[in-house]
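The structure appears right after this line, and notes come after that.
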Amino acid sequence: MRVIITEHARKRLRDMRQERITIGDIINVASGIPGRIPTATRFRGFFSKTGRVFDIVAKDIPGGRLVITIIGK
């Protein structure tokens, strides 16, 4: 499944709260969520490779899975 990360989500990765979360972490998490996501949904409790806990908000669109934002803990 193709994972599309919004410009907003990429910008959030530069914030201190999301430091040590990489694009690769987000792609792995988003592509690993099973099923179809018809509306924007928050998925909680993922770990980056460096151990940082984060949530993502994602939705399925015709072009793939859209990651709307990332929330670091």
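Each value in this text was obtained by applying a stated rule to the coordinates, not by laboratory testing. Since we're looking at a predicted model, the values are computed, not measured. Cβ: placed from backbone, ideal geometry, glycine included. Neighbour counts: every protein chain shown.
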> Can you put 20, 36 in order, fewest other beta carbons within 10 Å first?
Replying inline: 36, 20
>> Placing unit charges on C-beta atoms (Lys and Arg positive, Asp and Glu negative, everything else neutral), compute the dipole magnitude of the chain about its Cα centre in debye, rounded to 20.
In response: 100
> If contacts are Cα pairs under 8 angstrom and at least 6 residues apart, what is the relative contact order of the chain in percent?
Replying inline: 40
> Which order results if 71, 56 are arranged by neighbouring Cβ count within 10 Å, fewest first?
Replying inline: 71, 56
> Once the convex hull of the C-alpha atoms of the chain is built, how many Å³ does it hold per residue, rounded to a whole number?
Replying inline: 75
>> Nearest 10 degrees is fine. How inclined is helix 23-32 to the longest principal axis of the chain, computing both from alpha carbons?
In response: 40
